[in-house]
Amino acid sequence: MNAVPVLAAYTAAVGFAAPPLLLRAGWTHRAPALAAAVWHILLVSFSIGAALTAYNLVMPAEHLEAGMVGLLHSCGLARGQGGPDSHAADRLAAALPSAIGLALAAAFAFHVARARRARSRHRAAVDLVGRHSARLRATVLPYDTPAAYCLPGRRPRVVISDAAVRELTADQLGAVLEHERGHIAGRHHLALALTQSYRSVFRGLPLARHAREQTALLLEMAADDRALRRHSGEALATAMYEMAAARTPKDAFAAGGQTVLIRLRRVLGPRAAAHPVLRASVAVLAAALPLLPLLIACPPPGLG
């Protein structure tokens, strides 16, 4: 069986058809951490499918005359008089998937390094201007608007304005601080860097665009859920409302932000958790997704 059409169709389905389906799914906001993981798995599965499609397009197979290299040879674009060079095919077949992997790795390293430099500069300024509070386990900044954010990484900081310390109740303040600690503990900055790397490499791909936007929202919801384990929904919602208009650094996770209205409706509305059977089914299906392009390209004996 020629795997190229099936691989190409699978990769296109993951990149173009899967995002609208996941956007319309009703369970994602009830299990935000799992939903964010599904977006990332779709990205991985797409890249594997794209790499294997490129490999199989170039690599000659027994049931094909000579693949793309043969086409180049017949057009006079490949050297040699005795047919296509199999070694050239091998090199080209390995180069295309490797290029995809290297581009993604380079983009990920770039976004991580750029964000780390920005956070390091901001962390130095925060340590210089603010004061550390052992009681809050946070750095308090002189700022006349209630605000809170975190700087994740090797030397993480939870930063809160002195206006928030003055104006928020103890329960509100505790919910905000727990939200920020959730971002740090979950290493959410790395998850966002991964989606940014795909957005950089696969510009225009609906999966890459939606994965970046939805991951940011879902990680905020996951941090909200951590805060709600110890604090009331009313306390978290009112604190988010108070801090909705606060300005925070670009590469920091803020308790307010552009997604605050969606999160407020979720926090104040009925919070029925996703059913365990649904969670398990989605997790199993998501775990199988990266294996599908491999099974298509290398089917078990008797299925090929």
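No value in this document is a laboratory result; all are computed from the given coordinates. In this text the structure is predicted, and so the values were computed from the model without any measurement. Cβ atoms come from the backbone with ideal geometry, glycine included; neighbour counts cover every protein chain shown.
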I want to check the label-to-label distance for THR145 and SER133. Put each point 7 Å from Cα in the C-beta direction and report it in nm to one decimal.
1.9
For the chain, what is the calculated [θ] at 222 nm in deg cm²/dmol (nearest 500), taking -39500 (n - 2.57) for each run of four or more DSSP H residues and dividing by its residue count?
-21000 deg cm²/dmol
Filter the chain for me: DSSP H helices, axial length by Cα at least 27 angstrom, mean Kyte-Doolittle hydropathy not below -1.0. List them by residue number.
32-58, 86-129, 206-228
State, to one decimal in nm, how far the label point of ALA25 lies from the label point of THR169, with both points 7 Å from Cα in the Cβ direction.
3.6
Final fewest-first order of TYR241, TYR198, TYR10 on the 10 Å Cβ neighbour count is TYR241, TYR10, TYR198
Most to least packed among 28-40, 260-272 [average Cβ atoms within 10 Å]
28-40, 260-272
Going by average Cβ neighbours within 10 Å, how do the peptides 15-21, 149-155 rank, with the highest at the top?
149-155, 15-21
Test item: Cα-centred dipole of segment 201-304, Lys/Arg +1 and Asp/Glu -1 on Cβ, debye
60
Local net charge near GLY269, Cβ-Cβ under 14 Å (Lys/Arg +1, Asp/Glu -1):
+2
Ranked from fewest to most other Cβ atoms within 10 Å of their own Cβ, PHE253, PHE108 fall in the order PHE108, PHE253
Which Cα, out of PHE253, ASN56, ALA208, lies furthest along the positive dipole direction of the chain (beta carbon charges, K/R +1, D/E -1)?
PHE253
If each residue's Cβ is checked for other Cβ atoms within 10 Å, how do SER47, SER200, SER232 rank with the fewest at the top?
SER232, SER200, SER47
Using θ = phi - 60° and the Karplus curve 6.51 cos²θ - 1.76 cosθ + 1.60, what whole-Hz ³J(HN,Hα) does each residue of segment 13-27 get, with Gly and Pro shown as x?
5, 5, x, 10, 8, 5, x, x, 5, 6, 5, 8, 5, x, 8
In nm, what is the difference between 0.36 nm times the number of residues separating LEU278 and ARG114 and their Cα-Cα distance?
55.2 nm
If unit charges are put on Cβ atoms (+1 for Lys and Arg, -1 for Asp and Glu) and the dipole of the chain is taken about its Cα centre, the option from SER197, VAL38, PHE16 lying farthest towards the positive end turns out to be SER197
Ranking request for peptides 136-146, 205-215: highest mean number of other beta-carbon atoms within 10 Å first, then the rest in descending order.
205-215, 136-146
Entry for Cα Rg over 2.2 N^0.38 Å (calculated from the structure that is shown) out of (i) 1.26; (ii) 1.20; (iii) 1.03
(i)
Relative contact order as a percentage, segment 103-223, C-alpha pairs under 8 Å and 6+ apart, gives 24
